[in-house]
1. Estimate the FRET efficiency between Asp207 and Ala92 by the formula 1/(1 + (r/R0)^6), using the beta-carbon distance for r and 56 Å for R0, to the nearest 0.05.
2. Give me the distance in nm between label points sitting 7 Å out from Cα along the Cα-to-Cβ direction at Glu138 and Glu61, one decimal.
3. Accessible area of Glu279, 1.4 Å probe, to the nearest 10 Å²?
4. Accessible area of segment 230-337 with a 1.4 Å probe: how many percent of it is carbon plus sulfur?
5. To the nearest Å, what is the center-to-center distance of segment 293-327 and segment 190-238, using C-alpha atoms only?
6. Let me spell out the model: positive unit charges on the Cβ of Lys and Arg, negative unit charges on the Cβ of Asp and Glu, origin at the Cα centre of segment 206-337. What dipole size does that give, in debye rounded to 20?
7. Contour minus end-to-end for Ala251 and Arg290, with contour as 0.36 nm per residue of separation and end-to-end as the Cα-Cα distance?
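The values are calculated or read from the model by the stated rules, or taken from the named source; none is laboratory data. The structure presented is a predicted model; accordingly, all values stated were derived computationally and were not measured. We place every Cβ from the backbone using ideal geometry, glycine too, and count neighbours over all the protein chains shown. Just so you know, the surface numbers come from the protein's heavy atoms only, side chains and all, with ligands and any DNA or RNA stripped out. Shrake-Rupley method; radii C 1.70, N 1.55, O 1.52, S 1.80 Å.
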Amino acid sequence: MSCRMIRPLALPALALAALAHAAAPVAGQGPEGGASGAPRTAWGDPDLQGIWSSSGATPMERPDEFQGRERLTDEEVARLRGEIAARNDELAQAEARRTQAGGNVGAYNNFWMERGVRSNRTSMIVDPPDGRFPPLTEAGKYARDNQPRGDDTWEDRHIWERCLTRGGMPNAMFPRSYNNNMQVFQVPGYVVMLLEQVHELRVVPLDGRPHIASNIGQWNGDARGHWEGDTLVVETTNLDPRVSGLQPWSAFSSYDGSGEDMRLVERFTRTGPDSLEYEVEVHDPQMYTRPWTVAYPFALSSDVMYEYACHEGNIGMEGILAGGRAEDAEEAAAARP
């Protein structure tokens, strides 16, 4: 897959911003309120607007060395951040050697990566309490062991690799190696989230309307939100059956998932002028024996978001399938008398 950042997301951003401006000319400039002192919109809702950046530097699951601990000390965080910085320097030096004539060009170089800053959490999983994914169901074990990515058809590849979605919800929200930005817009009755990677748009109504018919699936599901104090609570259903909460998220084909059985409960809480706490509770009864919860912070960013162009440069898919046909031809030739 080849994905390029080309230009700021001017058109969708300007369109949404114009909608917000028309509905409330002074949105984001309302009074502060709530226990966190977070700003309010002109119509009184907690203001979540802005460009927010998350970090994938904290591991999803808790390492053995930190079992029994939810938080790191300041000294441990400083040490880990130093180790990450040193590793990034080593990668930059290795890339300089790799790009010499005749070398392996590899994937994206370090310039494009956004590994983020290590937090004081020992894992992004906060439930189960051990910081690990719960045990898999029998269906989950089968999916883990029997759905590898192949090259017979484009459907053998992952839906992210096919430029359809970052992986569907909840994976569309999880921080990875790059493009971890989210821009939030608000108008009365709606919260809109523009996700940088695969430029996915999530529109969350707040008016109490019912979910759409259960036989209609969507990559990121059907979201419905409401406020609980300063926290935006979003419940998502109607996920496409090919979406899966099973981890690792990109190791599988696009044929089957657990989306139609999944239900997600997200919580967005502005904890300070420049901080947003995110939490998602994942109910995936097909793949896991119990629900699990991931939590991590977003930081307000002063940068702009750039277009994530995927289909336009996805020559990787062409190469994968062409390589598969070349291997088929070699095997056929070897089998001839």
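1. Working: r = 50 Å, r/R0 = 0.89.
In this case the efficiency is close to 0.65.
2. Between Glu138 and Glu61, the simple spin-label model gives 2.3 nm.
3. Approximately 60 Å² of Glu279 is accessible to the 1.4 Å probe.
4. Roughly 53 percent of what the probe reaches on segment 230-337 is carbon or sulfur.
5. 23 Å
6. That gives segment 206-337 a dipole magnitude of about 240 debye.
7. Details: separation 39, 0.36 × 39 = 14.04 nm, distance 2.16 nm.
Full-extension gain reported as 11.9 nm.
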